[in-house]
Structures are given as C-alpha cells and as structure tokens.
Amino acid sequence: MKKVVKFGGSSLSGAEQFEKVREIILSDKDRRYVVPSAPGKRDKKDSKVTDLLYEAYGLASEDRDFSEVFKKIEDRYNGIISGLGLKISLDKEFNTIRENFLKKCGEDYAASRGEYLNGILLAEYLQYTFVDAAEVIFFNEDGTFDSTKTYKVLHDRLEGIERAVIPGFYGSYADGRIKTFSRGGSDITGSIVARSAKADVYENWTDVSGFFVADPRIITDPETIEMITYTELRELAYMGASVLHEDAIFPVRREGIPINIRNTNRPKDKGSWIVQSTGQKSKFTITGIAGKKGFCSVNIEKDKMNSEVGFGRRVLQAFEDNEISFEHMPSGIDTMTIIVHQDEFIEKEQSVVSELNRLTHPDSIDIESDLALIAVVGRGMKSSKGTSGRIFSALAHANVNVKMIDQGSSELNIIIGVKNEDFENAIRAIYNIFVLARL
Ligand code: ASP
C-alpha cells in the first residue's frame, strides 16, 4: 500500500500541531509522501503565513518597508524550530527570500515560500527527503497546469525515493519562474502527487472530520458524510459546500484513487471517503444538502411558445450576448424561466430585457430577485420512491414557498428555489426529515 498524505495549514500551524502530524505519519508506514500547506492560524486572531507573505510582498512591490511583516513570518518558523528542538536554521533561506522580494520576484514566488519553508522543516522533522515542488510540478505558459510533463517527471522522481515531503500550492513554468495554484491549492498538489505516485489512497488531513451533511452554521452538530462519490461532491461543492479545493478531485478521479478527508485533531475519526463509485448505500436517503443565496429568475411568457421553433435559442442568445451564464432553465408549455446570479445580472438587466423583447416578442417578462437555490444531493434517490414528495411536504410544513423545482436527469440531485429569507428554514426542514427522522 502507498498513501499520499496532505496536511492543511491548521494542521501545521505550530510545533504542537507538527507533533500530531508526525505521530499520524509514523503510525502507518504506508504514509510515504507528504504534502504540507504553509502554517495556518493558531487561533481566531492569528494570521496565515500565506496572507503575511502576500502582505509583505505587497509592500515590497511598492518600495515600502516590509521588515515588520517579514519578521512575523520568520518568528512563525523559528517558533516551530525551537518548539520541536530542530537543529536547523532557515536564516539563509530568509535572506534569499528577502533579496528576491527586493528584486520584485513576483507575487506567486512570494506566496509559495510559505509551503516551501514549511516543507523544509517537516522533511527535517520526519527525516524524509525534501523535493522542491518547483522541480516536479509544471505549468504551461498560459498558466494552466501542465499535466503531461508533471506526471512523467514527478512519477520518475518519486520512484527513486522511499519517503518524501513535497510542498503544496506551487510549481514552475518551463523557464523556472514560480507559479501557484489558486488559494487552497495544496489540495490539488496532494491529488497530483497521489496520481503520480500511483497511490492507493489520498488522505487529506484538515481540522474537521469530513464533510457534513449540511452546513454547520445552519444545522447544529450535523452528521458527517461517510462516503460520497466524486459526482455528488461536485454537485455539493458547486453549491457552496467547501472542505476540499474544487479542482482537487480531477487528478485522482481518473485513476479511481479514493480521497479520505481526516481530522488531525481527532485522528481516530474515520472521516469522509470520496470515491469513484460505490455499491454501499448511504446512511440516509440523501448524501448532502447545500445551497446559495443571491439568484434572480427571469420568467418569459408567450402564447404558443412550445410550437415556436428556435424560441429557446433566442432566449439564451439574449443572455449570451450580455455575457451572462445561466444556472437553470425550468420551462412550461408557454413559459420559460432562466435563473441567473443576481450580482452578475443586475447591472445588465435592462439590456437583457430589451434584447429579449427584440428577439422573442414575448407576452410578458417578469423578474424576481432575492432567490436562493438549494441542492439536495444523493445517489440513493434514484432507487428510492417519494423523495421529492417528502422534500415538498417537509417544506410545506415549514411554511416555505417553493419557487422552482429542477431534478437533474441523473436523478442525483433536486434543486429547489426559495426566497432568500426562507433559505435556512428550508435547509433545516429537509435535514430534519431525512437525517433526524430518517425518512
Ligand atoms: N497556503 C495556501 C493558502 O493559504 C495554499 C493552501 O493552504 O492550500 O491558500
């Protein structure tokens, strides 16, 4: 067995957390390749090292004094070194970074140093080989990830190394310049390493014991999801559930490598498994609920719409010409509704309406704002009857007016539109019926 383990910023925020991480790694000899983030917050008031690096570089790029912020960064690492009793000094590295800041080496280089330095420390502490991500993770000139070169180089490199630490979040262009992924991108590095190493499992260690069935800010102590498929996760993540970087599933998904989300502070918890497919029934009919506020619906009515060839295309044309993407498009015989993001739509509203009038000559156009969308996701819905019935009776009991319903053809999700103000109530009602009442 071969496991790739990624530890997030809160798992490596200080010496005490490093000790927990070491124990986790050493307790399983299959945990051979380790991907660290930069030190995160130790408490609510603390700063993430990555944020400090952006701040320091922001000052440097305006030729302002960045020594105070830089000192905070040095202190974070020196605190870890002394807390763990390591016999290593990062002073040379700090000097190089400072000089490169003065030379205006770029924001990506600056931000990447958080992971780079943490990787050096973790490798020293574990006595694993340090592999600089700049030598094994590559980007194309247009900034996209160069998968072909990366998988080849990284695979060959790791074949010769039994145990290694590879810092997350960054790689390099062909000419050696540093480039980072988007924020939270160490999750992606972990996935890339797992694929290149042909790992059996990608463990992603963080500060929660997996995905929750629903947002803990709305539901107190929600249940954790034991197993979720990549596709279900995509649906939930799209609707706002976030634990893992959205792009982190792609490298491992192709190879069918499962991801196990684990909690560094509660290592005995089993966490959540993200898998390609599973015959295992989920504990509840639904796997998860997520949602977002801030949508608008544009309702277009026209008699005999159903027999007018090209009507739908012309409607969408009006949105496309205004560069607005749409989220959903439920339709009736003589009506069609387009759901869009309110903040994107609002400033172009009148231009869209006039183009709709010009292109489609509707009987009426009616716009409703302040809507929320809720996705109820679950592979189990396909084989169980009455799921939507239960959702809507729960919503009716909770006094929530349903504005829109859209069931995906995969029968994996049901999307429900409600008023923004009913959002939390609706989520509670759905959670209660499926999870608490287990119907
Ligand atoms: N340290 C980076 C960030 O804060 C990347 C990561 O932690 O995944 O976004």
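Pairs are defined by a Cβ separation below 7 Å, a sequence spacing of at least 6 or placement on different chains, a first member in the range 81-105 that is over 14 Å from SER61 (Cβ atoms), and a second member that is open to solvent by 40 Å² or more (accessible area, probe 1.4 Å) and part of a helix (DSSP H, G or I); the pairs so defined are LEU86/GLU124; ILE88/GLU124. Residues satisfying the criterion are present in the range 112-130 (criterion: within 16 Å of the ligand (Cβ to nearest atom), basic (Lys, Arg) and either open to solvent by less than 40 Å² (accessible area, probe 1.4 Å) or modelled with pLDDT under 95 (or both)). Of the set (1) surrounded by fewer than 18 Cβ atoms within 10 Å (Cβ to Cβ); (2) more than 23 Å from THR206 (Cα to Cα), all apply to VAL69 but (1).
Per this entry, VAL49 is not counted among residues that are surrounded by 15 or more Cβ atoms within 10 Å (Cβ to Cβ), closer than 24 Å to LEU158 by Cα and touching a residue at least 24 places away in the same chain (Cβ under 8 Å). Checked across the range 354-373, the condition of being closer than 30 Å to THR278 by Cα, open to solvent by less than 20 Å² (accessible area, probe 1.4 Å) and of a type in the set (A, V, I, L, M, F, W, C) holds for at least one residue. Could you grab me the full set of residues in the range 170-204 that are under 16 Å from VAL243 (Cα atoms) and within 10 Å of the ligand (Cβ to nearest atom)? Correct list: SER182, ARG183, GLY184, GLY185, SER186, ASP187, ILE188, THR189, GLY190. For the range 283-307, enumerate the residues that are surrounded by 14 or more Cβ atoms within 10 Å (Cβ to Cβ) and free of Cβ contacts under 8 Å to residues at least 60 places away in the same chain. Selection gives MET305 alone. Filtered by the rule that a residue be open to solvent by 10 Å² or more (accessible area, probe 1.4 Å) and within 16 Å of the ligand (Cβ to nearest atom), the range 225-249 gives ALA237, SER242, VAL243, LEU244, HIS245, GLU246, ASP247.
The values are calculated or read from the model by the stated rules, or taken from the named source; none is laboratory data. Here the structure is a predicted model, which is why all the values come from computation and not from measurement. Every residue, glycine as well, gets a Cβ built from its backbone with ideal geometry; the counts of neighbours run over all protein chains shown. With ligands, DNA and RNA removed, areas are computed over all heavy atoms of the protein, side chains included. Shrake-Rupley method; radii C 1.70, N 1.55, O 1.52, S 1.80 Å.
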